[in-house]
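Undergrad: Dropping a structure here in structure tokens format, bear with me for questions.
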Amino acid sequence: MILVGENSLFRIIERSPEFFKNEATSGERFRDTIQRAGYEGFKTIVLKYMFLHQ
């Protein structure tokens, strides 16, 4: 399990809706989008959003 600091956690939470908006298919739930993209895919995309919007 990877633990992150409080600031990083809040940034991940802030960027997760952007991941969902860009990656989800019509009618897909957030959990299903993460499962389809895979955890590594989710992590890579969210980290990209975090660094692009610093």
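Only the coordinates and a few stated rules stand behind these numbers; no lab work does. Note that the coordinates shown come from a computational prediction; the quantities given were computed from them, not determined experimentally. A quick note on method: Cβ atoms are made from the backbone with ideal geometry, for glycine too, and the neighbour counts reach across all protein chains shown.
Undergrad: If Lys and Arg each add +1 and Asp and Glu each add -1, what is the summed charge of the other residues whose beta carbon sits under 11 Å from the beta carbon of residue 19?
TA: With Lys, Arg at +1 and Asp, Glu at -1, the neighbours total +1.
Undergrad: Enter the angle in degrees (range 0 to 90, nearest 10) between the Cα long axis of helix 39-52 and the first principal axis of the Cα atoms of the chain, meaning the one along which they spread out most.
TA: 60
Undergrad: Right, next: Taking the Cβ of residue 35 as the centre, find all other residues whose Cβ is under 15 Å away and add up their charges (Lys, Arg: +1; Asp, Glu: -1).
TA: With Lys, Arg at +1 and Asp, Glu at -1, the neighbours total 0.
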